[in-house]
1. Could you list, in sequence order, the residues of segment 1-34 that are surrounded by 22 or more Cβ atoms within 10 Å (Cβ to Cβ), more than 9 Å from the ligand (Cβ to nearest atom) and not hydrophobic (A, V, I, L, M, F, W, C)?
2. Just a yes or no: is a residue in segment 95-110 free of Cβ contacts under 8 Å to residues at least 24 places away in the same chain and either of a type in the set (Asp, Glu) or within 15 Å of the ligand (Cβ to nearest atom) (or both)?
3. For segment 178-223, name all the residues that are within 11 Å of the ligand (Cβ to nearest atom), without any contact (Cβ under 8 Å) to a residue 40 or more places away in the chain and over 16 Å from ALA55 (Cα atoms).
4. Out of curiosity, is ALA56 more than 14 Å from ILE9 (Cβ to Cβ), at pLDDT below 95 and within 13 Å of the ligand (Cβ to nearest atom)?
5. Would you point out which residue out of THR74, THR118, THR91 is polar (S, T, N, Q), more than 18 Å from ALA144 (Cβ to Cβ) and within 15 Å of the ligand (Cβ to nearest atom)?
6. Which ones in segment 62-74 are touching a residue at least 60 places away in the same chain (Cβ under 8 Å) and under 28 Å from GLY173 (Cβ atoms)?
7. If a residue has to be over 14 Å from the mean Cα position of the chain (by Cα) and buried (at least 19 other Cβ atoms within 10 Å of the Cβ) to count, how many in segment 35-56 make the cut?
8. Considering only residues that are closer than 24 Å to ARG26 by Cβ and assigned to a loop (DSSP other than H, G, I, E, B), which ones fall in segment 36-53?
Amino acid sequence: MSRPERIAIFGGTFDPIHAGHLRSARIVGRRLGLDRILFVPASIPPHKARPGLAAAADRYRMVRLAVAGRKDWTASPVEIRAGGTSFSIRTIERLRRRYPRARLFFIAGADAFREIKTWREWERVLQSCLFIVTTRPGAGLDAAAKGLGRAYGGRVRTLRPGVAVREADFAPGRIFLLKIDALPVSSTAIREKARRGESLRGLVPSAVAAYIRSRKLYEASPASPVPPQSAPRRHGIHR
Ligand code: ATP
């Protein structure tokens with residue numbers, strides 16, 4: 001390959017992963033010509049820790065089920081293996097060591113990105129990879145960009161439909177804004193549906209829905225302990 005490999009980190013709580021995440025990944029991957037997307041479930045998410053959060057091993061298993069069948073998508077246990085509170089800066093550093101020559105991207109919905117200044121070492125985060133910020137119902141790009149303030153305005157590029165992205169556009173610290181036809185889906189709504197025993201068809205991949213049912217996740221009573229085979233494997237995870 002004559003250009004550096006383009007690898008995106010898609011971080012999240014993924015409690016559970018859903019069709020909205022997958023659609024966003026598909027669109028971003030195509031638009032930016034990404035070679036690989038790493039879906040990285042947080043061990044303990046700094047912004048979304050809450051009682052009843054599904055076990056990290058369960059969230060990771062669901063991500064694996066959701067990405068199965070796509071060679072360019074990988075469930076990455078990097079944060080779960082590290083344990084504790086998952087800070088993106090540490091994840092980026094680890095992945096940078098693992099992929100020293102790659103061009104690293106970070107995919108974030110506008111709702112997550114508008115809080116960027118609360119992320120640990122946020123300025124280094126922005127400097128360490130290229131951000132792709134997508135719309136999400138209820139979260140537009142304007143608010144996400146405004147939150148950054150003037151000092152960062154020069155780094156922001158809106159990706160217009162039909163305008164190709166070239167290698168030269170990938171200046172360090174660049175932040176791309178991408179309006180997508182996002183699905184009005186959230187993990188919160190899915191957990192609520194599962195709790196009420198409603199169908200999750202179309203909201204999560206069918207294998208994920210079956211996993212949620214079999215593990216009785218998100219039901220009123222707490223899930224039983226994670227069976228040993230559900231724990232993240234130590235080797236051979238990154239394809
Ligand atoms: P919750 O409802 O529990 O807060 P969530 O649906 O926001 O969860 P997360 O795992 O927290 O899911 O999200 C991970 C990343 O995916 C974030 O950057 C978020 O903005 C983005 N994202 C989540 N849902 C969508 C969606 N429907 N469309 C586009 N991006 C999304």
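1. Within segment 1-34, just GLY29 meets the criteria.
2. no
3. ALA189, GLU192
4. Here the answer is no, as ALA56 does not meet what is asked.
5. THR91
6. Within segment 62-74, just THR74 meets the criteria.
7. 2
8. ALA42, PRO45, LYS48
The values are calculated or read from the model by the stated rules, or taken from the named source; none is laboratory data. Not measured: the values here are computed from a predicted model. Using ideal geometry, Cβ is built from the backbone for each residue, glycine included, and neighbour counts are taken over all protein chains shown.
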